[in-house]
Each structure stands twice: as C-alpha cells, then as structure tokens.
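Heads up: the structure comes next, in structure tokens.
Read-outs: derived from the displayed coordinates by stated rules, not from any lab. On a predicted model such as this, the values are computed, not experimentally measured, just so you know. Glycine also receives a Cβ, built like all others from the backbone with ideal geometry; neighbour counts cover every protein chain displayed.
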Amino acid sequence: MKLILTQDVSGLGAPGDIVTVKDGYARNYLVPRGFAIGWTKGGEKQVIQIKRARKVREVRDMAHANEIKQAIEALVVQLPVKAGETGRLFGSVTTADIASAVKSAGGPALEKRSIALAKPIKTLGKHTAKVAVHEGVSAVITLEVVAQ
C-alpha cells in the first residue's frame, strides 16, 4: 500500500515521504495513529505542503545546530513533580514533560521525539537526557527533578 507520511516514523521515513508498506501495517498502525495518509494524485499537493512545513522547522545548518546545542546544554532545567516521602515519583517523567520544562526554562522548543532517556526517570535528583538536534549533533540536558 502506498502512503504519504505525515510524521517522522523511525525506520521508515520523514514527513512528506511517499512509502510503500504492507497493507496490515498501514491499516492497523500508521493510518489510525495519524502517522500517514493514503496516497492519491491529489495527495502530491499535500506532500509539497508537508515538506515546506518541515523545512521551516528544520535546523538550517551545522552552525545553527551547534548554537542550539550550546543553548540547551547551558540551561538548568528544574522539573517539579509529585513524589512520595522516600523520593520515588508517582509515575515517571516523560519526554513531553522534559520538552515543556526546557521551553519554560527559556530554552528552544523541542519535539518530544527528539529526546531520548537512557532509563525511565522515577526518582528525585539530577538526571540527564539526550536530545538529537541535527544529524550528528546531539546535546545533553541536565534535569533536576524536584518535589512539588
């Protein structure tokens, strides 16, 4: 089945790419979750719009990527969460929580998909997360998880 990707799908492609996948994968995973739409001749116009939007969001070049990396690594990000008396969290810190905390700390807007955690954050204290800024450029965020 031929599809147009609307979001980044690891191992498959980026938004605006036209891909061919098995019917079950398309019907049961990609289309219901909004990762792709069916390919049509009229869909070519949508591909152009998706690629144009991706260029606007994309990091311009390596120098710009390094500027963003330095801005991210210079931040001190505090993340207030609900925790018990022993320091364990009620739940865990998600990549969406980290992205919003970086933005509220004065950093650049990050996509939650670009943030990777080595292990789930379930305790108070200092933790690190890796951010893929651009191909070959990644930054390390230092998070300080504090109780609310």
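Just how large is the dipole of the chain about the Cα centre, in debye to the nearest 20, putting +1 at every Lys and Arg Cβ and -1 at every Asp and Glu Cβ?
On the way: 22 positive and 13 negative charges, 91 e Å.
The dipole magnitude comes to about 440 debye.
Could you please report the charge total around P80, scoring K, R as +1 and D, E as -1 over all other residues with beta-carbon less than 13 angstrom from its beta-carbon?
Details: positive: K82; negative: D97, E144.
Net charge in that neighbourhood comes out at -1.
Working note: Cα gyration tensor of the range 62-147, eigenvalues times five, square-rooted, sorted largest first, giving semi-axes of 24, 12, 10 Å.
About its Cα centre, the dipole of the range 62-147 is roughly 280 debye, where the only charges are +1 on Lys and Arg Cβ and -1 on Asp and Glu Cβ. Positive-end ranking of A83, Q148, V47 along the dipole of the chain, with charges on Cβ about the Cα centre, is headed by V47.
For E44, what charge total do you get from the other residues with a beta carbon under 14 Å from its beta carbon, if Lys and Arg give +1 and Asp and Glu give -1? Around E44, the charge tally is +4.
Which one of V137, P120, L3 is farthest out on the positive end of the charge dipole of the chain, using unit charges on Cβ (Lys, Arg +1; Asp, Glu -1) and the Cα centre as origin? Among V137, P120, L3, the one farthest towards the positive end of the dipole of the chain is L3.
Computed from Cα atoms alone, the Kirkwood hydrodynamic radius reported for the chain is 17.4 Å.
The value of relative contact order for the chain, using C-alpha pairs under 8 Å at least six residues apart, is 20 percent.
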